[in-house]
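Working notes for the structure below.
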Amino acid sequence: PKNSYNLNPKEVDQPEVSFKGTLTQNGKFHKAAQDYKNGLCNAELVKVYEKIRDGIWSYNGFFELIDSWIENDGKRHVFKFKLIGIEDIDLNSETVEIHERRRIIPTEIKLEVWKRDDGKCTMCGATDELHFDHILPFSKGGTSIKVENVQLLCARHNLEKSDKII
């Protein structure tokens, strides 16, 4: 992190262990992925959020952490993680189903929709508590990979719409 000793954290290697000798968050993820890869445990479930812009985050769902490695990005050594998306999850179940067709809307689609809809609910113009909504609901065969099928709705309008086609 940025502090008085390290003014530019993007210029130093990402640490696996803290100065106290405990694993950092990257270190914990790396250990979990390596333990899975070596057959020592099941893959960790990770809840993933994506930064759209400063202060704007989008929930992308649950993923399984299945691999990790450290690579040089030209300036420093950084952790890289491989995740597999999970469509539906029952946290009380031992098994998880992985599907090809994904409800998650890709970043490039979200960015185009955000720009097209001017960062506002298409129904009322609200700018807070926004959701990316499938116009033709995913449950009724709608796609996540076409800008034309995604819109911004405020939480109220998204919850009212639910899986209806309007």
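Of the residues examined, Gly85 is one that is within 26 Å of Leu152 (Cα to Cα) and touching a Gly at 6+ places or on another chain (Cβ under 7 Å).
Go through the stretch 44-99 and tell me which strands (runs of 3 or more DSSP E), entirely inside it, have 2 or more residues that are modelled with pLDDT of 85 or more and among the aromatic types (Phe, Trp, Tyr). Please lay out each step first, then the result.
Details: elements: 44-53, 56-72, 77-85.
Counting at least 2 such residues, we get 56-72, 77-85.
Considering the stretch 138-158, and only residues there that are over 15 Å from Ile105 (Cβ atoms) and assigned to a helix (DSSP H, G or I), the residue that is most open to solvent (accessible area, probe 1.4 Å) turns out to be Arg156. Cβ-Cβ contacts under 6 Å between residues 6 or more apart (or on different chains), taken from a first residue in the stretch 62-79 that is farther than 18 Å from Gly27 by Cβ to a second residue that is hydrophobic (A, V, I, L, M, F, W, C), are listed as Phe62/Leu45; Phe62/Ile86; Phe62/Ile89; Phe63/Val46; Phe63/Val48; Phe63/Leu83; Glu64/Ala43; Glu64/Ile84.
Does Ile135 count as open to solvent by 40 Å² or more (accessible area, probe 1.4 Å), modelled with pLDDT of 85 or more and more than 20 Å from Glu50 (Cα to Cα)? Judged against the criteria, Ile135 is a match.
Number of residues in the stretch 6-43 that are in a loop (DSSP other than H, G, I, E, B) and under 24 Å from Glu64 (Cα atoms): the value is 11. When residues in the stretch 111-137 are screened for being aromatic (Phe, Trp, Tyr) and in contact with a helix residue (DSSP H, G or I) (Cβ under 9 Å, 6 or more places away or on another chain), 1 of them pass. Residue pairs whose Cβ atoms lie under 9 Å apart, separated by 6 or more positions or on different chains, with the first residue in the stretch 10-38 and open to solvent by 90 Å² or more (accessible area, probe 1.4 Å) and the second among the small types (Gly, Ala, Ser), are Lys31/Ser68; Lys37/Ser68.
The values are calculated or read from the model by the stated rules, or taken from the named source; none is laboratory data. Because the structure is a prediction, the values reported are computed rather than measured. Don't worry about glycine lacking a Cβ; one is built from the backbone with ideal geometry, like all the others, and counts go over all protein chains shown. Side chains included, ligands, DNA and RNA excluded: accessible areas come from the protein's heavy atoms. Shrake-Rupley method; radii C 1.70, N 1.55, O 1.52, S 1.80 Å.
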